[in-house]
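The structure under discussion appears below in the form of structure tokens.
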Amino acid sequence: NSRYLNDFEELRSLGQGGFGRVALCKNKLDGRQYAVKKIRLKDRSPQVNEKILREVATLSRLQHQHIVRYYQAWVETEYGHHNILNASGSRTAESSIFSYDDISLSDAGGGNKQESTYLYIQMEYCPRTLRQDFETYSSSFDVDHAWHLFRQIVEGLAHVHSQGIIHRDLTPSNIFFDVRNDIKIGDFGLAKFLKLEQLDHDQYLPTEAMGVSMDGTGQVGTYFYTAPEVEQKWPQINEKVDMYSLGVIFFELWHPFATAMERHLVLSDLKQKGDLPKSWAAQFPAQLNLLRRLLSPSPSDRPSAVEVLQSELPPRMEDEWLNDVLRMI
Ligand code: ATP
Ligand code: MG
Ligand code: MG
């Protein structure tokens, strides 16, 4: 009596993360494809489980054209019981906030029953990431296109921040393209959230501190994108940590790398010394100014997403307007 097995046909694995795996699935009811994330809740403290679930509730509030759409989430035990966290297709903020009492992890019988409790998250399937785009970026780089992608990322991020949410793991691997080639910010803080939790427990996470944090694909993950105040473990962080990450992504949008080694060397210099390639700085003076502010060591010196939207972007191109209109009809 598993809802997952009843309602979905698993097509293939999309990858394994630190805390669960994601599968491409076909929903038997509507025939559409979705990405379904499955997270094992076993072995986590009740506080961590509770935070994961609260995080999912937060995500369900985010509905924006540049944010990966979360449809629903539910919890299953090996006995097939499931609790729905938020209703499918709910469009109003009101109806998408689930009642937290519905999730009876603690009274699921405790002990043995909690052994196999899984959280499922059904979300929009995004066939590509920005990381993958960057692999072949040197042949496709185009100034207008770079602004176009950047604008979509900032629009999504401005919405996230307007909801009082900090992504905390904004990297090209967590920025997706949907089937229409529009930007969708995804992988919302869930894993990062959990990692921070671990950090609290272990005090110290050597791999991250050494800058060799690996993501599921074996690439160096978050190191280049992590704001200094996060590394220094300031007790209070705010949404400006995402603006730092955005700065590094902004730079990558304007600097195609020929090889992975070049990328590593240039981003290392930027991270460790704040150095930028001289020829690049001379070629893109306007971008240099914005980049410097996004990468400011002090969070308060970084512009907000709304400020970037209002005063840092070139006028929209004709076809961007047109696409927006077409999207609405
Ligand atoms: P970490 O645990 O460090 O966050 P991760 O981000 O790779 O690692 P997940 O977030 O669990 O782990 O994602 C696993 C894989 O599934 C990744 O390769 C990711 O690109 C892919 N993925 C996640 N969400 C989607 C989605 N909505 N559409 C398509 N693929 C997705
Ligand atoms: Mg990810
Ligand atoms: Mg992740």
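Numbers for the structure displayed
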| quantity | calculated |
| --- | --- |
| Formal net charge of residues neighbouring Leu309 (Cβ-Cβ distance under 12 Å; K, R +1; D, E -1) | -1 |
| Sorted by Cβ neighbour density within 10 Å, fewest at the top, the residues Val143, Val266, Val308 | Val143, Val266, Val308 |
| Where chymotrypsin sites (Phe, Trp or Tyr not before Pro) fall in DSSP loop in segment 1-83, at most 13 other Cβ within 10 Å | Tyr79 |
| For segment 226-324, Kirkwood radius (reciprocal of mean inverse C-alpha pair distance, Å) | 14.8 Å |
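Throughout, read-outs are computed from the coordinates displayed, never taken from laboratory work. Since the model is a prediction, treat every value here as computed from it, not as a measurement. With ideal geometry, Cβ positions are generated from the backbone for all residues, glycine too; neighbour counts draw on all protein chains shown.
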